[in-house]
Ligand code: GLY
């Protein structure tokens, strides 16, 4: 099978590495990729957001399957264009991708499906903002505002704050830019990312993971696209994955079928495990980054077969997934100033180990690997438990040199120390 992956992050590097382990696959291609993915896949400089260009490329290289990594092409309908060209595609239609592309749509689907999620209100008129802020901002007696961009914002459109002024400033800035704002009640409890491969009504969960969205140790500082992740979750009560599938993901998949926009691809449930049970923070329409780097490091089943089955309506026939024992930890190495405008163009050394996945990297005129984005590398450690996986990941991080770069040192630490309680 010949597979074309779309995207340029460490998530796509992880997808390629897992696809490469699948004996059904004999050729891998990527568009547009990065300096790391170029070493393991044919690279094409094609805009992943152009359905026509992607369908033409897939036809030209004889792709049997296109796997779409990021959300933007999905929301733009690239999966529809690929399917219209008669090529199997792993990724939802534009209609189904609204589960991520419009938070208001996601809330509507969840309400119809009876799925627990935070109370919310959409504000699109600045004159209504103050009254709406007054209706939110209380959680267990503590003020906590959750202010989200209603559309796509690469994980950075969310502000969770105890300061009304900060909540107001973020919301007003979004409204000034013409973006509707979603206000939500705060969900108290440890977060879980559960990725489910979905084909209409069939739902196959992967290992649960947790990501770290804030830039600094101890969850301080601004939100990022994700600074690290680990899987599985030793603190998650037995049976919780089955409960999340039964009470949350399956009803949403069924509701999308009923609405005439069945979901085919990766449905990512971002949840908080509250005292009342799991509740949805958000749905995404694609693999999460950086959780994918940890989750796929533990996958023993052939990924290409799984994704192809989902893309062609055969997911129900796939045998139960097999997973490696132990744990995996991803540590993101970010460029100076990220999540602000990152410093780019610095030479990176030590980034060629097998467990270093590239994201914002490129080659300069001399062939050196240089930084080219905010999240530059994802370093993955695996081991018999989280302590061993963390040790392997951080040993590799310590061998990487990138001027001004930064990373969190506490990825998976609280879980490794048994400090997360539900
Ligand atoms: N890990 C967060 C995301 O992929 O959106």
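Residue by residue through segment 3-18, note down the ones that are within 15 Å of residue 302 (Cβ to Cβ) and in a strand (DSSP E or B). Hit for segment 3-18 is 3, nothing else. Of the candidates 36, 62, the single residue that is away from the ligand (no atom under 16 Å from the Cβ), crowded, with 22+ Cβ neighbours inside 10 Å and more than 30 Å from residue 148 (Cβ to Cβ) is 36.
Of the strands (runs of 3 or more DSSP E) lying entirely inside segment 328-422, those containing at least 1 residues that are more than 27 Å from residue 273 (Cα to Cα) and within 20 Å of the chain's Cα centre (by Cα) are 356-358, 361-363, 375-383.
Screening residue 213 with (1) touching a strand residue (DSSP E or B) at 6+ places or on another chain (Cβ under 7 Å); (2) at positive phi gives one miss only, at (2). For residue 347, the conditions (1) surrounded by 13 or more Cβ atoms within 10 Å (Cβ to Cβ); (2) under 28 Å from residue 21 (Cα atoms) are fulfilled apart from (2). The condition of being crowded, with 18+ Cβ neighbours inside 10 Å, over 26 Å from residue 235 (Cβ atoms) and within 16 Å of the ligand (Cβ to nearest atom) holds for only one of 159, 147, that being 159.
Read-outs: derived from the displayed coordinates by stated rules, not from any lab. Worth saying up front: this structure is predicted, and the values here are computed from it rather than measured. Neighbour counts are summed over all protein chains in view; Cβ atoms, including those assigned to glycine, are modelled from backbone coordinates with ideal geometry.
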